[in-house]
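The values are calculated or read from the model by the stated rules, or taken from the named source; none is laboratory data. Remember, predicted model here, so these are calculated numbers, not experimental data. Glycine also receives a Cβ, built like all others from the backbone with ideal geometry; neighbour counts cover every protein chain displayed.
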Amino acid sequence: MKLIGSLASPYVRKVRIVMAEKKLDYDLVLDNVWAADTAIQASNPLGKVPCLIMEDGGAMFDSRVIVEYLDTLTPVCKLIPQQGRERAEVKCWEALADGVADAAILVRLEKTLRPEDQQSATWTARQMSKLHAGLKSMSTGLGETPYCAGNHYTLSDVAVGCTLGWVSFRFPEIDWRGDYLNLAKLFDKLSERPSFKDTVPQ
Ligand code: GSF
């Protein structure tokens, strides 16, 4: 399998961590989707990474679809419960974590891609409020449990870890570690895993 992605993206990192946890082999093909010469649209018409190229040449996106597929390929380190409420809970954590990343990325794009005189403070504030509400909700949901969905490591933790890592990477001024000690503790625990160590955003 080939994974088209970048070393900074939280969604690509989520897929890479799942690949590593499940001990799946793949080649990482770097593509800067913002560059004029990006080839991403040949594989993903939406022009986004991650995009998985399967053995038969077929392309799969987005990260949530890819990780769900990867989890079915081997019983090694099951990350998504099979069914019912537990499954929905893990998927909802993933939606929350990805949604926080979506909002944070929109803020960054507004600042980096749009000329200063066209930037909207209202839009930025709207996204920032989602970012902060999302962090708070993650902390409340985690409470004092060892992992997001309870006692076991799941895709929820992978998704939350990738989003927190990305927020620290691009918004070092947001002190989520100081505000939410339980998230900091979880993040430090996750950061010891080889899958996280090998994929620190850069
Ligand atoms: C989000 C992918 C995405 O926005 C997923 O795969 O989970 N829901 C999708 N990827 C960004 C890179 S990054 O900011 O992580 C991307 O490829 N953006 C290019 C664009 O044109 O929006």
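Here are a few things to note about the model shown:
- Top-ranked residue of region 1-21 - restricted to ones that are crowded, with 21+ Cβ neighbours inside 10 Å and away from the ligand (no atom under 14 Å from the Cβ), ranked as farthest from Gly58 (Cα to Cα): Glu21
- Only residues that are of a type in the set (Phe, Trp, Tyr) and crowded, with 19+ Cβ neighbours inside 10 Å were counted in region 167-202, giving 4.
- In region 1-16, the residues that are in contact (Cβ under 8 Å) with a residue 12 or more places away in the chain and within 10 Å of Asp27 (Cα to Cα) reach residues that are in a strand (DSSP E or B) and of a type in the set (Val, Ile, Thr) with C-beta atoms within less than 8 angstrom, at least six apart or across chains, in these pairs: Met1/Ile53; Lys2/Val29; Lys2/Ile53; Leu3/Val29; Leu3/Ile53; Ile4/Val29; Ile4/Ile53.
- Flag for Val90 being closer than 17 Å to Pro201 by Cβ and not charged (D, E, K, R): no
- Restricting attention to region 56-82 and to residues that are among the hydroxyl-bearing types (Ser, Thr, Tyr) and under 24 Å from Leu30 (Cα atoms), the residue that is farthest from the ligand (Cβ to nearest atom) turns out to be Tyr69.
- Of all residues in region 22-38, at least one satisfies being within 27 Å of Leu142 (Cβ to Cβ), more than 9 Å from the ligand (Cβ to nearest atom) and surrounded by 17 or more Cβ atoms within 10 Å (Cβ to Cβ).
- Within the option set Thr112, Thr140, Thr163, Thr154, being farther than 24 Å from Ser9 by Cβ and either at pLDDT 95 or above or of a type in the set (Ser, Thr, Tyr) (or both) holds for one residue only, Thr140.
- Pairs where the first residue, in region 76-90, is at pLDDT 95 or above and the second is exposed (fewer than 11 other Cβ atoms within 10 Å of the Cβ) and not aromatic (Phe, Trp, Tyr), C-beta under 7 Å, 6+ apart: Val76/Lys23
- For first residues located in region 31-46 and closer than 20 Å to Ile105 by Cα, partners that are aromatic (Phe, Trp, Tyr) and surrounded by 18 or more Cβ atoms within 10 Å (Cβ to Cβ) and lie 6+ apart or on another chain with Cβ distances below 6 Å form the pairs Asn44/Phe61.
- Here is the figure for region 39-55: residues that are more than 10 Å from the ligand (Cβ to nearest atom), farther than 15 Å from Leu73 by Cα and either β-branched (Val, Ile, Thr) or loosely packed, with under 15 Cβ neighbours inside 10 Å (or both) total 3.
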